[in-house]
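Take a look at the structure set out below.
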Amino acid sequence: MDSGGWSRRRFVGALAGGAAAAALPACDNSPAPATTPAPQPETGTGPSGEARRPSGPRPLYIGTYTSAEGGGKGIGLATYDAATGRITATGTVTGVGDPSYLAIHPDRRTLYAVDERGDGAVTAVRLADRKVLGSRGTGGAAPCHLSVHPGGRWLLSANYGSGSVAVHPIDASGALGERTDLVRHTAPPPGPGQDGPHAHQFVTSPDGGHVLAVDLGTDTVYTYRLDDKAGTLTEVAQAHTRPGAGPRHLTFHPDGRYAYLANEVDNTVAVCSYDPASGRVEVVEAQSTGTGSGTSYPAQILVTADGRHAYLANRGHNSLTRYAVEADGARLRLLGTVPVGGDFPRQIAFSPEGTLLFAANQKSSTVTVFHVNGADGELRRAGGAFPSPVAVCALPL
């Protein structure tokens with residue numbers, strides 16, 4: 001594996017001073033999480049803030065590094081109040097190593113996690129009884145992202161350390177089969193300061209016709225067609241950022257014609273156009289994150305389901321940038337930033353109704369929650385931070 005690139009990704013957010021929150025209680029003595037309505041797609045878009053808020057506790061799953069100092073013991077289990085945003089710990093799913101990113105099957109019965117290690121793997125967990133259904137190798141190093149294809153038959157994963165993307169079949173029980181394809185990004189060559197390809201995200205386009213891989217190392221977004229019968233990939237297009245941008249995370253506007261690309265290395269966000277017929281992405285001029293000239297490591301960008309606002313997590317600046325989405329998705333207008341209330345926000349996610357935004361803060365080992373105003377996009381803190389060991393992913397359902 002390419003240990004240099006993997007180390008940069010993983011330990012750019014290493015804990016300062018070795019401080020970490022206490023581990024969540026073991027899952028053996030806690031109830032299983034309640035079932036919920038189907039969550040929104042993996043891209044993180046949620047309905048507008050005008051949606052009716054449900055009552056009762058809702059499940060929250062938290063990814064962590066189990067091998068890091070002060071890290072967790074597996075996948076953290078919690079519930080949250082959809083009205084107040086208050087989080088309550090309920091347990092841990094053990095037996096999953098370094099589950100740094102999580103995704104849910106469309107039927108809500110199975111949770112998937114990457115095992116972000118040198119010998120990378122993906123793991124399935126049945127939620128009804130929290131049974132680990134097994135793991136499958138991704139064929140690469142340090143998988144850092146995964147998503148479920150909308151049909152529920154294929155799991156897509158990105159290997160950061162080796163710069164490759166993988167496909168695994170999902171059977172009727174939710175368990176994973178052996179890998180059906182693995183593609184390494186060999187062209188174009190790595191960008192300035194990069195030692196090789198570093199696949200950071202692998203998602204399906206809103207129209208379902210293509211799957212797209214974002215590679216930080218090659219400054220490229222790759223578009224593939226997925227054979228829904230064989231589970232194999234065929235590359236159909238490439239889109240290139242400016243050299244050295246380091247693209248990390250792509251999120252689509254609800255109408256599917258535009259997307260927004262968070263560039264980790266040069267601290268920018270770019271609006272992209274997308275053609276559903278060809279799968280081609282065009283990267284337009286990058287713009288400011290509102291965090292100044294310092295290194296900010298933009299991590300993830302979300303768009304509300306009504307398409308009116310977007311939010312970006314800035315790790316170095318420890319903030320959330322708010323944008324107004326204009327011109328039917330073709331333009332972002334910077335509105336300002338708010339403190340995230342934690343250190344190094346690695347990942348953000350909406351609740352299914354879009355009324356809450358969760359931020360997983362790696363260095364402070366916390367999850368912070370914000371109320372989302374559907375009218376103007378304003379964010380308001382929802383109480384104190386929730387302690388969770390080396391929190392790098394929060395998945396509210």
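The values are calculated or read from the model by the stated rules, or taken from the named source; none is laboratory data. Given the structure is predicted, the values throughout are model-derived calculations rather than measurements. Note that each Cβ is placed from the backbone with ideal geometry, even for glycine, and that neighbours are counted across all protein chains shown. Keep in mind that these areas ignore ligands, DNA and RNA; they rest on the heavy atoms of the full protein, side chains included. Shrake-Rupley method; radii C 1.70, N 1.55, O 1.52, S 1.80 Å.
Shape annotation for the stretch 49-173: C-alpha extents along the principal axes are 43, 38, 29 Å, from largest to smallest.
Ignoring ligands, DNA and RNA, what accessible area per residue does the chain give at 1.4 Å, in Å²?
Details: 13980 Å² over 397 residues.
Averaged over the residues of the chain, the accessible area is 35 Å².
With the full set of protein chains in place, find how many percent of the accessible area of the chain is carbon and sulfur; take the probe as 1.4 Å.
Details: 6920 of 13980 Å².
Answer for the chain: carbon and sulfur cover 49 percent of the accessible area.
Residues of the chain were split at every exposed loop site, defined as GluC sites (Glu not before Pro) in a DSSP loop with at most 13 other C-beta atoms within 10 angstrom, and the longest piece left, sites excluded, is 179-397.
Applying a 10 Å radius around every beta-carbon, put 118-125, 327-334 in order of their mean neighbour count, most first.
Working: 118-125: 21.4, 327-334: 15.1.
Result, highest mean Cβ count within 10 Å first: 118-125, 327-334.
For the stretch 95-149, the Cα-based Rg and Dmax, in that order, read 10.5, 31 Å. Taken over the alpha carbons of the stretch 342-390 as equal point scatterers, the Debye sum produces base-10 log I(q)/I(0) values at 0.18, 0.20, 0.33 Å⁻¹ of -0.52, -0.62, -1.18.
Overall shape: oblate for the stretch 196-257, with the ratio a/c of the largest to smallest alpha carbon gyration tensor axis at 1.5 or above and b/c at least equal to a/b. Label-to-label distance for S273 and D129 is 5.4 nm, based on points extended 7 Å past Cα in the beta-carbon direction.
3J(HN,Hα) couplings calculated from phi for the stretch 324-340 with the Karplus curve 6.51 cos²θ - 1.76 cosθ + 1.60 (θ = phi - 60°) are, in sequence order, 8, 9, 10, 6, 6, x, 7, 9, 10, 10, 5, 9, x, 10, 10, x, 7 Hz; Gly and Pro show x. Each helix, a run of at least 4 DSSP H residues, gives -39500 (n - 2.57); summed and divided by the residues of the chain, these come to -500 deg cm²/dmol at 222 nm.
Taken as Cα centroids, the stretch 363-377 and the stretch 133-197 sit 30 Å apart, rounded to the nearest whole angstrom. 3J(HN,Hα) along the stretch 124-140, derived from phi through the Karplus expression 6.51 cos²θ - 1.76 cosθ + 1.60 where θ = phi - 60°, amounts to 10, 10, 6, 7, 4, 10, 6, 7, 6, 8, x, 10, 10, x, 8, x, x Hz, with x in place of Gly and Pro.
With coordinates expressed along the principal axes, the C-alpha atoms belonging to the chain extend over 51, 46, 41 Å, beginning with the largest.
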